[in-house]
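Trainee: I have a structure here, written as structure tokens, and I will follow up with some questions on it.
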Amino acid sequence: TNFGGRIVSFMVPDKAGKPTDIVLGYDSLNHYLHNNEAYFGALIGRYGNRIAKGSFQLEGRTYQLPINNAPNSLHGGPKGFHNQVWDAKLIDAQHLELQYVSKDGEEGYPGNLTAKVVYTLTDENALQIDYTATADKATVVNLTNHAYFNLNGAGAATINDHLLQINADHFTPVDSTLIPTGVLAAVKGTAFDFTKAHAIGDSLGSKDIQMINGKGYDHNFALNRTAAPGLQTAATVYAPSTGIQMEVLTLEPGIQFYGGNFLDGSLVGKQGKPYAFRSAFCLETQHFPDAPNQKSFASTVLLPGKTY
Ligand code: BGC
């Protein structure tokens, strides 16, 4: 849909060939308008994930963003890209181009920013998402997609049986408000070690302070990238009962693995199915959260004349 550039459905065959909708969402626009705090299927911008206290400095000026996830700013603010109507152009049956012009000062961010996203459904059954953006003033940008998946089908009880592999030896631990501490921590020997595939639910009972801060998995993983340019595999998820497997490839340095810890059954989605606690996962490819305030993280600054 052109509302938030949201993916509302994604049908794939399971091991018996039965078409299965693996993306959470609603049956009507009205539901998206009134229950949008979960960001179902949405394009996220101008800045994916959190900026500490909604404040950052750029070229000697301090910018204040709306605080919509106290005490921080989350996913571009309440009127972020997920809540905007994008201009849509169907290029052909396999390519949809969406464009949104975010005004100078909108949700506190500097510069007019033109964002363009092309969704492509490839002949290999891949969904490819190409993001570009340009700005007329220095700004910060971190775009992603917030689709929630359940590979047993949207509305199935849990994702904790899914086998997950994340190609990351390190992750970015967070404080109790989910802002990275700035440290890159080794996953080895922790609940965050997904270097070999195993069930998401295996370590959910861990007393690791990171599991307590995240209320489960809600963390950015620093991807192991080789020097080779181009897409590299970030994560693989497999649901044994349906045989559906998803691979995530990206150019980005990080991926947010969010295990649906804020779902509680109160949002009722497609076909009247409630979305229970941890009944979906997001794998949001991105630059690291709070990068505008963290000198050691790769920069998310976009300068005029450059293309994101
Ligand atoms: C964040 C979660 C947040 C969720 C919103 C994720 O990207 O990491 O902390 O609750 O988005 O649905």
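Trainee: Taking the conditions exactly as written (among the aliphatic types (A, V, I, L, M) and either surrounded by 13 or more Cβ atoms within 10 Å (Cβ to Cβ) or closer than 17 Å to F262 by Cα (or both)), does I166 satisfy them or not?
Mentor: Numbers: among the aliphatic types (A, V, I, L, M): yes; either surrounded by 13 or more Cβ atoms within 10 Å (Cβ to Cβ) or closer than 17 Å to F262 by Cα (or both): yes.
It is true that I166 is among the aliphatic types (A, V, I, L, M) and either surrounded by 13 or more Cβ atoms within 10 Å (Cβ to Cβ) or closer than 17 Å to F262 by Cα (or both).
Trainee: On to the next question. Mind listing just one residue for me: the one in segment 70-90 that is in contact (Cβ under 8 Å) with a residue 60 or more places away in the chain and in contact with a His (Cβ under 9 Å, 6 or more places away or on another chain) and, of those, farthest from the ligand (Cβ to nearest atom)?
Mentor: F81
Trainee: Can you tell me which residue within segment 266-291, out of those that are part of a strand (DSSP E or B) and touching a residue at least 24 places away in the same chain (Cβ under 8 Å), is farthest from D161 (Cα to Cα)?
Mentor: Looking only at segment 266-291, we keep the residues that are part of a strand (DSSP E or B), and these are 268, 274, 281-286.
Retained after the next criterion (residues that are touching a residue at least 24 places away in the same chain (Cβ under 8 Å)): 274, 281-286.
Working: P274: 19, F281: 12, C282: 15, L283: 16, E284: 20, T285: 22, Q286: 25 Å.
Looking at residues that are part of a strand (DSSP E or B) and touching a residue at least 24 places away in the same chain (Cβ under 8 Å), I get Q286.
Trainee: Any chance you could count how many residues in segment 218-260 are more than 16 Å from C282 (Cβ to Cβ), assigned to a strand (DSSP E or B) and over 15 Å from the mean Cα position of the chain (by Cα)?
Mentor: 5
Trainee: How many residues, within segment 251-262, are more than 8 Å from the ligand (Cβ to nearest atom) and within 17 Å of N49 (Cα to Cα)?
Mentor: Keep residues of segment 251-262 that are more than 8 Å from the ligand (Cβ to nearest atom), which gives 251-255, 257, 259-260.
With the extra rule that they be within 17 Å of N49 (Cα to Cα), the set shrinks to 252-255, 257, 259-260.
Residues flagged as more than 8 Å from the ligand (Cβ to nearest atom) and within 17 Å of N49 (Cα to Cα) within segment 251-262 amount to 7.
Trainee: So Y148 clears everything in (1) under 30 Å from G230 (Cβ atoms); (2) in contact (Cβ under 8 Å) with a residue 40 or more places away in the chain; (3) more than 15 Å from the ligand (Cβ to nearest atom) except one condition, right? Which one?
Mentor: Every listed condition holds for Y148 apart from (3).
Trainee: Next question. Only residues that are out of contact with any strand residue (DSSP E or B) (no Cβ under 8 Å at 6 or more places or on another chain) and within 16 Å of the ligand (Cβ to nearest atom): list them for segment 174-203, please.
Mentor: Selection gives D175, S176.
Trainee: Please work out which one of (1) surrounded by 16 or more Cβ atoms within 10 Å (Cβ to Cβ); (2) more than 16 Å from the ligand (Cβ to nearest atom); (3) closer than 18 Å to G41 by Cβ is the condition S55 fails and give its number.
Mentor: The single condition S55 does not satisfy is (3).
Trainee: Say whether the condition of being within 16 Å of the ligand (Cβ to nearest atom), buried (at least 20 other Cβ atoms within 10 Å of the Cβ), closer than 24 Å to D218 by Cβ and among the small types (G, A, S) is met by at least one residue in segment 23-30.
Mentor: Residues of segment 23-30 within 16 Å of the ligand (Cβ to nearest atom): 23-26.
Retained after the next criterion (residues that are buried (at least 20 other Cβ atoms within 10 Å of the Cβ)): 23-26.
Subsequent filtering for residues that are closer than 24 Å to D218 by Cβ retains 23-26.
Next cut, among the small types (G, A, S) only: 25.
Among the residues of segment 23-30, at least one is within 16 Å of the ligand (Cβ to nearest atom), buried (at least 20 other Cβ atoms within 10 Å of the Cβ), closer than 24 Å to D218 by Cβ and among the small types (G, A, S), which makes the answer yes.
Trainee: Given the residues K273, K306, K295, which is the only one that is of a type in the set (K, R) and over 28 Å from G111 (Cβ atoms)?
Mentor: On the way: K306 fails: over 28 Å from G111 (Cβ atoms); K295 fails: over 28 Å from G111 (Cβ atoms).
None of the others qualify; the one that does is K273.
Trainee: Same structure again: Within segment 31-52, how many residues turn out to be crowded, with 16+ Cβ neighbours inside 10 Å, more than 13 Å from the ligand (Cβ to nearest atom) and over 11 Å from G76 (Cβ atoms)?
Mentor: Looking only at that region, the number is 3.
Here, each number is a calculation from the coordinates, and none is a lab measurement. Predicted model, so just to flag it, every value in this text is computed and none were measured. With ideal geometry, Cβ positions are generated from the backbone for all residues, glycine too; neighbour counts draw on all protein chains shown.
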